[in-house]
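Quick notes on the structure that follows.
The values are calculated or read from the model by the stated rules, or taken from the named source; none is laboratory data. Everything numeric in this text was worked out from a predicted model, so none of it was measured. Cβ coordinates were reconstructed from backbone atoms using ideal geometry, including for glycine residues, and neighbour counts include every protein chain displayed. To get the accessible areas, we keep the full protein, side chains included, count just its heavy atoms, and leave off ligands, DNA and RNA. Shrake-Rupley method; radii C 1.70, N 1.55, O 1.52, S 1.80 Å.
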Amino acid sequence: MQAASKFRKLLSLSSGGHRGFAFIGVSIMLILLTAVISIFLFTTVNRMGAGSTDYYMANRAYQLAFSGAEYMFEMIRTASLNVGSYGPYQMDGGTFTIKINYVEADKLKITITGRIDEYERVVAYYAKVEQSGVFPELPLVNYAPDWWKSGAPQLLVIDDPARFSDSYIAGNANLKGTNFGSETYMQVGYLYNNPRHGLIAAALDQIPTNRTIDAAYLQLATQDGTDNLAHNIAVHRLTTPWDEYTVAWRKNKPWSTDGGDYITPAEVIDQAQWTGSSLYYSWDVTSSLSDFYNLIIPNYGWLLRFTGSENEYIDFHTRESGINRPRLEIYYSGDPEPAGLEIKPTASLYGNLYVGGNVVARDGATIGDPPLDPVVIYVSGEDTVYSNEFDTYFSWGSLAYPPTISFLDSTVVDSVDSLLTVAENISSSSGNKISGSRSFTVQTLDFNDYAENTLFVKGDISMTGTTVLSMPFEAPGKMVASGNILMENHPGGGVTIGDNMIFVAGGNIIITGDAQFGVDHSATIPAEREVTTNQLWARDYLNTGTNGYITIQDNAEVWSVVISDRTIHLSADLYGAAFTPDTLDMSYATTYLEGAFWCGQVVGDSLGLGIYNLTNIYPQIIFAGKSVSVDDFGLVEE
């Protein structure tokens, strides 16, 4: 039996939609609990020499087993998988088989065996079945094959005429000052024994930064010619800038000598011919284009000329031509720009994550906790995940319509700003309104003592060694300062803030020392934790550019939703969710985030030294007026 499926990267299976899973005629949901790969397999392979026959054959058997895994998921998608045995399927000189059986009433074991000669490797999946439902098509695999390298070669074709300049120059005595930049053809060769040189240059800004140019080809399509013979055409790198609509053969147009300024010998010589129909011909310009791209030499493009003196010519289509315009075919490799996220070797990442952009996972990073807690990294659109990390436990998929909380609930934001307006316009102290900055030192505050459970301060608030009692969920306490809010240590102890407290600052919020904002609920499992209204708001509602920052540092511990207009600096512990349209700075060894984050960018576009446990710490979070949950890809609206 010949397997129709081809072996490809398992970790790139798309989750662009959700599908049901038909099993013995019943619609069910398949949830992969774990992909269990025998420790014996790892230790056996590790004992083999990397270049030995045993190692090579064992690795081939291993790849066959994963081919079977991919084939299994293909069968799931087509609803053609049932309890029983499948195969052996022949592939690449070996076979794989799939065996499925119940081990419990609602639990399956899927065993996939890859075999070549006497070498055999087994991958076992356990799966849970439930009535109805959907599942994302993501196998949870903790093995990154050695062919899955960071930055696989990518192909870029530059063919936009706006990115090119082209012309030709003629050596006839009466044409040496003539410009041909508007012509629909580029003439290369000789006419009436007078040479014709082609000129072409292209902008390279479409190539992403920090790449290696593996190969580059200049491709021109023939338009006409004086014979049907092949002619050798040399491509030289130009050394003088030129303008498409003023360039000519003559010295000072703009050359230092007649006929153009170019490097000899030619970079490449290849043949082209006019056959009566338009065909593309290629010249390998890898060396010069790589130097252009890396700014080693200026990009003035290339000159094309016949190597002989035969009195013939070939016309090539130019960018002004309506068809078969010039193009560059460029192959490059290297990491994608971490426009999404870079997971550094020092990072520890658990739970699932959505990233809008490419993701680079560096060798050495700790990702996932096998065998039961894999990480799923979701990216949007055509973005991808690159990794050469072999010891992590994650898979990835793409989302055609990524989740968003596109904006905070405007009525909630307006309410917060209204509170700040009240604080800013206090003229004299009275009741729950204080004019001027206020310090609380070694005190106990009960917000039931304030009208509407709210304290307004025109100025800054400083809290040292102070305790704030918890409030009921239905009637949270609110502390509003038009300036900054500081929570720090006192010789007698740190600051302790109870649950259901909302702090709003028109300046910045700094939580330092041993300060505790929100009650520590770590002793209770997430599903049973009480939902709180704990919130920290730093608003630059006057748009000064200097306010709206939140800093959580030292030994501080925060159980709250954190909302900031500007940068959030997190070098301590945050349990909850962080939102900023600006920057989230988590580049510290002491960073610990348990929950989720949503930000304009992560500082350095990377998860660095800290620990990131992106899981749901509460059944739900009241987030800026929306009930949200922390799901597979960060924050999602309920």
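Structure notes:
- Search result, residues across the range 279-318 that are touching a Phe, Trp or Tyr at 6+ places or on another chain (Cβ under 7 Å), charged (D, E, K, R) and modelled with pLDDT of 95 or more: Asp284, Glu312, Asp315
- Filtering the range 199-240 to residues that are among the charged types (D, E, K, R), assigned to a loop (DSSP other than H, G, I, E, B) and either within 19 Å of Pro298 (Cβ to Cβ) or free of Cβ contacts under 8 Å to residues at least 24 places away in the same chain (or both) leaves only Asp205.
- Restricting attention to the range 539-550 and to residues that are modelled with pLDDT of 90 or more and open to solvent by less than 30 Å² (accessible area, probe 1.4 Å), the residue that is farthest from Tyr350 (Cα to Cα) turns out to be Gly548.
- Criterion (touching a His at 6+ places or on another chain (Cβ under 6 Å), of a type in the set (Gly, Ala, Ser) and open to solvent by less than 30 Å² (accessible area, probe 1.4 Å)) met by exactly one of Ala221, Ala234: Ala221
- The residues in the range 325-379 that are modelled with pLDDT of 75 or more, part of a strand (DSSP E or B) and not small (Gly, Ala, Ser) can be counted, and the count is 15.
- Number of residues in the range 168-197 that are of a type in the set (S, T, N, Q) and on the phi > 0 side of the Ramachandran plot: the value is 1.
- Single condition Ile552 does not satisfy, out of (1) in contact with a Pro (Cβ under 7 Å, 6 or more places away or on another chain); (2) of a type in the set (A, V, I, L, M); (3) under 24 Å from Gly610 (Cα atoms): (1)
- The residue pairs whose first member lies in the range 170-198 and is in contact (Cβ under 8 Å) with a residue 40 or more places away in the chain and surrounded by fewer than 14 Cβ atoms within 10 Å (Cβ to Cβ), whose second member is assigned to a loop (DSSP other than H, G, I, E, B) and acidic (Asp, Glu), and whose beta carbons are closer than 7 Å, counting only pairs six or more residues apart or on different chains, are Ser182/Glu320.
- Residue check for Ser462: of a type in the set (Gly, Ala, Ser), part of a loop (DSSP other than H, G, I, E, B) and modelled with pLDDT of 95 or more: no
- For the range 468-492, the set of residues classified as within 12 Å of Phe447 (Cβ to Cβ) and either among the hydrophobic types (A, V, I, L, M, F, W, C) or open to solvent by 10 Å² or more (accessible area, probe 1.4 Å) (or both) consists of Val468, Leu469, Ser470, Met471, Pro472, Ala475, Pro476, Lys478, Met479, Val480, listed by residue number.
- Ile552 vs. criteria among the β-branched types (Val, Ile, Thr) and in contact with a Gly (Cβ under 8 Å, 6 or more places away or on another chain): no
- The range 581-595: number of residues that are in contact (Cβ under 8 Å) with a residue 40 or more places away in the chain and either part of a strand (DSSP E or B) or of a type in the set (S, T, N, Q) (or both): 0
Okay, residues lined up against (1) surrounded by fewer than 20 Cβ atoms within 10 Å (Cβ to Cβ); (2) more than 25 Å from Thr240 (Cβ to Cβ); (3) modelled with pLDDT of 95 or more; (4) not hydrophobic (A, V, I, L, M, F, W, C):
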| residue | (1), (2), (3), (4) |
| --- | --- |
| Thr113 | no, yes, no, yes |
| Glu120 | yes, yes, no, yes |
| Ser150 | yes, yes, no, yes |
| Ile200 | no, no, yes, no |
| Ile207 | yes, no, no, no |
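- Among the candidates Tyr102, Tyr71, residue that is crowded, with 19+ Cβ neighbours inside 10 Å and either modelled with pLDDT of 70 or more or assigned to a loop (DSSP other than H, G, I, E, B) (or both): Tyr71
- Selection status of Val495, under 16 Å from Leu536 (Cα atoms), β-branched (Val, Ile, Thr), touching a helix residue (DSSP H, G or I) at 6+ places or on another chain (Cβ under 9 Å) and open to solvent by less than 10 Å² (accessible area, probe 1.4 Å): no
- Selected residue (criterion: modelled with the lowest pLDDT) from residues of the range 552-580 that are part of a strand (DSSP E or B) and open to solvent by 10 Å² or more (accessible area, probe 1.4 Å): Phe579
- Of everything listed in (1) closer than 22 Å to Leu469 by Cα; (2) within 25 Å of the chain's Cα centre (by Cα); (3) of a type in the set (Phe, Trp, Tyr), the single unmet condition for Phe517 is (2).
- Being out of contact with any Cys (no Cβ under 6 Å at 6 or more places or on another chain), at pLDDT 80 or above and acidic (Asp, Glu) is a property that Asp166 has.
- The range 273-311, residues that are surrounded by fewer than 20 Cβ atoms within 10 Å (Cβ to Cβ), among the β-branched types (Val, Ile, Thr) and not in a helix (DSSP H, G or I): Thr275, Ile296, Ile297, Thr307
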